[in-house]
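Novice: Pasting in a structure now, in structure tokens, and then I'll have a few things to ask.
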Number of protein chains: 2
Amino acid sequence: MERSELEFATSEAVRLAIREKRWRGVTKRLALGYHQANVTIVPKDLAFDFMRFCFNNPKPLPLLDICEPGNPSPPRAAPNADLRTDVGGYVILRNGEVVETVSSLENHWRDDHVAFLTGCNLSLDRIMLESRIPLPHLISDKAFPAQFRSSISCVPAGPFHGPLVVSLRPVAEELVVPLVELTSRFPLSHGGPVHIGDPRKIGVDDLQQVHWGRPNEILPGQIPMFWACGITVQAVALAAKIPEIIVHAPGNMFVTDLLVRELSTAPAV
Amino acid sequence: MERSELEFATSEAVRLAIREKRWRGVTKRLALGYHQANVTIVPKDLAFDFMRFCFNNPKPLPLLDICEPGNPSPPRAAPNADLRTDVGGYVILRNGEVVETVSSLENHWRDDHVAFLTGCNLSLDRIMLESRIPLPHLISDKAFPAQFRSSISCVPAGPFHGPLVVSLRPVAEELVVPLVELTSRFPLSHGGPVHIGDPRKIGVDDLQQVHWGRPNEILPGQIPMFWACGITVQAVALAAKIPEIIVHAPGNMFVTDLLVRELSTAPAV
């Protein structure tokens, strides 16, 4: 199945293609204009602390929806969806280690599981294209996001603590200000960047040593810009040795029914 | 102590005056420009459901801050404050009944108590005055808010369910549109109105039969406008017979260090 077939598809059509394994791969440029979401699933006894952790760290973890305990359907983001089957892949982490990667949670879901959806920068793909300032991953299949553990610490909540993971975008100098202005209007998609310029200022000493994704080239005339990244959840699960946390496979986001143009505000504090 | 002495005081000065009982009474027009907050305290085993209830109902319950379990200081809204002493009065509800009204929680606070702060319309007093479209309570000491249980249901979460409580403001016809525009910009203070015009459309059949506050007069040329109200928590505690929930005494809000002009956005969904 070609990406172009799903670029302008509805969120529901994309979820169905993923559920039926007709679409395999990352969700960039799919269902343009709909919010895509990071998925985090924790046991109920960790749910309040994780929800506060999201509230305390709105840049990496802007809350889009929270499921009722034991219910895999996001009540407002996609009431007809099933988070056990509608994501391309899942990573299961226990006690600070990745223990399994699975393509479905049908045999892993429990009644005490609580699923959270948090915003993702892929939600802005359509806006970036329409604004004619596309990020590298939109214009080149060779451009991959490079993510790094930064030296910035998240604001802890209960057992949740760890480093902020940042996503690097090499940006042409003349696009730096427009991109700050544009992304700042979308706090539900990580908002404005957390750092511009020298990577060492946020503890990223070697751009070739990525922690997730692949290194990407910084061309002459480009400035490194760093945005908060949802992979922060994985870094926190590892750093804090959380007993159990399940996340989507990197780049395999959950596509919601929420329209980006209708939801451009975010948790305020 | 005169209200005028505290109108332009800092949030900390107002909290101290309340803690030392130098100020008794409602907090309208105090520490103009700072966010004032509804206080809700629940046992930890209800905290996740209550936080989801706030997330599900952002108009009556826009989240400003959440305390660590057992800690009475709001980490970001007022880290130096103590919610056991810095509010003028508290109402304790158990199993759907008001059991006690106290002036301090020093003898009631437990390690399993979790305190939440949600936004309040009094946060807009300064903006209303500066915009020269003050609401009645700002220009007349005789004007009291009138609050009603509406026929609108809150979006439930766990055991939390019940009616949306609305606050009535009689507004001169020519100010209806400006007030919708202005209040809509401040979702952390209940945002835009939930209803304009005929009170019966939202189940308010008799404006003299108020459920909280006092009836207020609707003069010729005035339109009744209704905003979501934080007293919704009390109505929900009563309707859902929540085992234990502690709230501030009506009008006796908690004054935070958060500046309204710095926080005008809110939870998006």
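Novice: Exactly which trypsin sites (Lys or Arg not before Pro) in the stretch A:131-214 are in a DSSP loop and have at most 11 other Cβ atoms within 10 Å? Could the numbers behind the result be given before it?
Specialist: Details: sites: A:ARG132, A:LYS142, A:ARG149, A:ARG185, A:ARG200, A:LYS201; in loops: A:ARG132, A:LYS142, A:ARG185.
Sites meeting the loop and neighbour criteria: A:ARG132, A:LYS142.
Novice: Right, next: Can you give the charge dipole size of the stretch B:194-256 about its Cα centre, rounded to the nearest 20 debye, using +1 on the beta carbon of Lys and Arg and -1 on the beta carbon of Asp and Glu? Don't jump to the answer; show the numbers that get you there.
Specialist: Values: 4 positive and 5 negative charges, 18 e Å.
My answer is approximately 80 debye.
Novice: Just how large is the dipole of the stretch B:133-232 about the Cα centre, in debye to the nearest 20, putting +1 at every Lys and Arg Cβ and -1 at every Asp and Glu Cβ? All intermediate terms of the calculation are to be shown ahead of the outcome.
Specialist: On the way: 7 positive and 8 negative charges, 54 e Å.
Here the size comes out at about 260 debye.
Novice: Can you list the aspartates and glutamates whose alpha carbon is less than 19 Å from that of A:LYS21, not counting same-chain residues fewer than 8 positions off?
Specialist: Qualifying aspartates and glutamates at Cα under 19 Å: A:GLU2, A:GLU5, A:GLU7, A:GLU12, A:ASP82, A:ASP86, A:GLU106.
Novice: Just to be sure I understand: if you take the accessible area of chain A alone plus chain B alone and subtract the pair, with a 1.4 Å probe, what total do you get in Å², rounded to 100?
Specialist: Values: alone 11910 and 11890 Å², together 21560 Å².
Buried area (both sides, nearest 100 Å²): 2200 Å².
Novice: Turning to a different aspect of this structure: Give the shape of chain A as rounded, prolate or oblate, defined through the alpha-carbon gyration tensor: a ≥ b ≥ c are the square roots of its eigenvalues, a/c under 1.5 means rounded, and otherwise the shape is prolate if a/b is larger than b/c and oblate if not. Kindly include the intermediate steps, with their values, before the conclusion.
Specialist: Values: a/c = 1.58, a/b = 1.19, b/c = 1.32.
It is oblate, given that a/c is not under 1.5 and a/b is not larger than b/c.
Novice: List the lysines whose Cα sits under 26 Å from the Cα of B:LYS28, skipping any in the same chain fewer than 8 residues away.
Specialist: B:LYS59, B:LYS142
Novice: Under a cut-off of 13 Å between alpha-carbon atoms, report the aspartates and glutamates in cross-link reach of B:LYS44, not counting same-chain residues fewer than 8 places apart.
Specialist: Answer for B:LYS44, where 13 Å is the Cα cut-off: A:ASP45, A:ASP49, B:GLU68, B:ASP111, B:ASP112, B:GLU244, listed by chain and number.
Novice: What does the charge add up to near A:GLN147, with Lys and Arg as +1, Asp and Glu as -1, over the other residues with Cβ less than 13 Å from its Cβ? Walk me through the intermediate numbers first.
Specialist: Working: positive: A:ARG149, A:ARG169, A:ARG214; negative: none.
So the surrounding residues net to +3.
Novice: Next up: What is the local net charge at B:GLU97, summed over the other residues whose Cβ is closer than 13 Å to its Cβ (Lys, Arg +1; Asp, Glu -1)? Walk me through the intermediate numbers first.
Specialist: On the way: positive: B:ARG94, B:LYS241; negative: B:GLU100, B:GLU244.
Result for the local shell: 0.
Novice: If you keep only loop residues by DSSP, which GluC sites (Glu not before Pro) in the stretch B:87-190 have at most 13 other Cβ atoms within 10 Å of their Cβ?
Specialist: Details: sites: B:GLU97, B:GLU100, B:GLU106, B:GLU130, B:GLU173, B:GLU174, B:GLU181; in loops: B:GLU106.
Those satisfying the criteria are B:GLU106.
Novice: Please report, as a whole percent, how much of the solvent-accessible surface of the stretch A:133-232 comes from carbon and sulfur atoms (probe radius 1.4 Å).
Specialist: Numbers: 2560 of 4590 Å².
About 56 percent, which is the carbon plus sulfur part of the accessible surface.
Novice: Can you name the helices of chain B, as whole DSSP H runs, whose Cα span along the helix axis is 18 Å or more and whose Kyte-Doolittle mean is not below -1.0?
Specialist: Numbers: long enough: B:44-56 (19 Å, 0.18).
Taking the DSSP H segments of chain B (at least 18 Å long, mean hydropathy at least -1.0), we get B:44-56.
Novice: Take A:ALA249, project a point 7 Å from its Cα along the Cβ direction, then tell me which residues of the stretch A:87-123 have their backbone nitrogen under 11 Å from it.
Specialist: Residues A:87-91, A:101-104 qualify, since their backbone N sits under 11 Å from the label point.
Novice: Counting only other residues whose beta carbon sits under 10 Å from that of B:PRO156, what net charge do I get with K and R as +1, D and E as -1?
Specialist: Working: positive: B:ARG52; negative: A:GLU68, B:ASP49.
Net local charge, B:PRO156 excluded: -1.
Novice: Would you work out if the stretch A:163-244 is rounded, prolate or oblate? Take a ≥ b ≥ c from the square roots of the eigenvalues of the alpha-carbon gyration tensor; rounded if a/c is under 1.5, else prolate when a/b is larger than b/c, oblate otherwise.
Specialist: Working: a/c = 2.60, a/b = 1.43, b/c = 1.81.
Oblate is the answer for the stretch A:163-244, as a/c is 1.5 or above yet b/c matches or exceeds a/b.
Novice: Rounded, prolate or oblate: which fits the protein assembly as shown, taking a ≥ b ≥ c as square roots of the Cα gyration tensor eigenvalues, rounded meaning a/c under 1.5, else prolate when a/b beats b/c? It would help to have the intermediate numbers written out before the result.
Specialist: Values: a/c = 1.78, a/b = 1.69, b/c = 1.05.
Prolate is the answer for the protein assembly as shown, as a/c is 1.5 or above and a/b outweighs b/c.
Novice: While we're here: In Å², and per residue, what accessible area does the stretch B:205-269 have when probed at 1.4 Å with the other protein chains present? Could the numbers behind the result be given before it?
Specialist: Values: 2650 Å² over 65 residues.
Result: 41 Å² per residue.
Novice: I would also like to ask the following. Under the rule of -39500 (n - 2.57) per DSSP H run of 4 or more residues, summed and divided by the residues of the protein assembly as shown, what mean residue ellipticity at 222 nm is obtained, to the nearest 500 deg cm²/dmol?
Specialist: Working: 14 runs with 108 residues, N = 538.
About -5500 deg cm²/dmol.
Novice: Extension gain B:THR101-B:THR10, at 0.36 nm per residue separation less the Cα-Cα distance, in nm? Show your work: numbers first, answer last.
Specialist: Details: separation 91, 0.36 × 91 = 32.76 nm, distance 2.73 nm.
Net length gain for the segment: 30.0 nm.
Novice: Then there's this: What's the magnitude of the charge dipole for chain A around its Cα centre, counting Lys and Arg as +1 and Asp and Glu as -1 at the beta-carbon? Answer in Debye, nearest 20. List each step's numbers first, then the result.
Specialist: Numbers: 26 positive and 29 negative charges, 46 e Å.
I would put it at about 220 debye.
The values are calculated or read from the model by the stated rules, or taken from the named source; none is laboratory data. Remember, it's a predicted structure, so these values are computed and weren't measured experimentally. Quick reminder, even Gly has a Cβ in these numbers, built from the backbone with ideal geometry, and neighbours come from all protein chains shown. Note: accessible area is taken over every heavy atom of the protein model, side chains too, but ligands, DNA and RNA are not part of it. Shrake-Rupley method; radii C 1.70, N 1.55, O 1.52, S 1.80 Å.
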